[in-house]
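Nothing in this text is a laboratory measurement; each read-out follows from the coordinates by a stated rule. Predicted, not measured: the structure shown is a model, and the values here were computed from it. Heads up, the Cβs are rebuilt from the backbone with ideal geometry, glycines too, and the neighbour counts pull from every protein chain shown.
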Amino acid sequence: MFQRYAVAFGAGCAAAFLFAVSAQASALAMLLAYLAPLPIMIATMGWGLDAGAIAAAASVAGMSLIAEPLSGVLFAASVAAPAWLISAFAVTPLARYLPARFSAVSVYPSVGAVVTLTAIVGMAGAAAVLTSVIVIYRGYTEGALAVTQALSTLAKEALEDADPAAAKAFAETLVRIGPATIAGSTLLMLCVNLYAAARSVQLSHRLQRPWPDLPTSLWIPAPLGLLAVLAAAGAWLLHPPASQYCAVVAGGLGAAFALQGLAVAHALSRGLKLRLLMLVALYACCLLRAKYTLPALALIGVVDAFTRLRIRAALPPATKPKLQK
């Protein structure tokens, strides 16, 4: 018992430290901050839901001591609580509590359900940020102008020789795509950390649920694909702030369907000789040309949600009837 709580407390301190180093504003510090949910997820999936809750609470307390209470509250809402919620949901045997809804075949939540919950968390966080800006500045237009000016000033300070017009255009672009980016990047951050946590717990033989075949088990409900398309249309056609809220939904669900698009690529490329090279090239495009690659993957994911491309590809080819002479 003492060992479990010691591990949980240590995981919480590690999460707070990883997030606190982001104040250094370096590439390594930002990478470490990206991994802040990882210790909490490992404690939750490997040592139990109560250990994960203790790790989350310890991380919030540590962040409040390292920085300030407000930073601890923001850390709790953006990192600690989502990390515990998603990892706890992934390893909870729902069939034990809801036998009427879950059969013995699907004791644990599906991969698609976990990704969908993560998308909801990302969209809720982005919507909360957008709403806070509107409330604080008493209007979206005023808030957008204030945030644009602040970002433009930061860009000028970071780049001494930067053109003021270019800095302002860059800031305006960040403000325009910010809500959707927050929703999508939050989903990707949590999913990457969840995968790493589950793998590490599995290697230590502490993972309770069986490991799923990700390329064939990541299915997001098709109605969410229709919702993503409608949200993207609303983000294009409506005026702010309604367009920004639509962009939040499109960004969160778009990132989820981009993961499904990657699952399609992994599943359909099985058995190909150049599979490894193809997947490496695909992931390189996701990093270097995300502006074009991720929307294409999201579109593939939406198409797969309605047409079941992976199931069709797994079916044996139909044999042609032989003509009788």
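Okay, here's what the table says:
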| read-out | value |
| --- | --- |
| DSSP H segments from the chain that extend 24 Å or more along their own axis, Cα-based, with Kyte-Doolittle mean of -0.5 or above | 2-20, 49-66, 111-136, 140-158, 164-203, 242-268, 290-307 |
| Separation of the residue 142 and residue 274 label points, Cα + 7 Å toward Cβ, nm | 5.8 |
| Selection from 278, 31, 128, by position along the positive dipole direction of the chain (Cβ) | 278 |
| The range 262-281 versus the range 179-197: alpha-carbon centroid distance in Å | 23 |
| Among 110, 204, 59, residue whose mean-square fluctuation peaks in a GNM of the chain (springs only between Cα atoms under 10 Å) | 204 |
| Extended-chain gain in nm, criterion 0.36 nm per residue less alpha-carbon gap, residue 49 and residue 174 | 41.3 nm |
| Label-point separation, residue 70 to residue 209 (7 Å along Cα→Cβ), nm | 3.8 |
| Estimated distance in nm for a label pair at residue 237 and residue 107, the labels positioned 7 Å out from Cα along Cα-to-Cβ | 4.8 |
| Sorted by Cβ density within 10 Å, fewest first, the residues 123, 189, 278, 41 | 278, 189, 123, 41 |
| Size of charge dipole - the range 92-311 - debye, nearest 20, with Cβ of Lys, Arg +1 and Asp, Glu -1, no other charges | 980 |
| Spin-label proximity, residue 81 to the range 105-145 - amide N less than 16 Å from point 7 Å beyond Cα toward beta carbon | 118-132 |
| Percent of Cα-Cα distances greater than 25 Å, calculated over the range 92-311 | 50 |
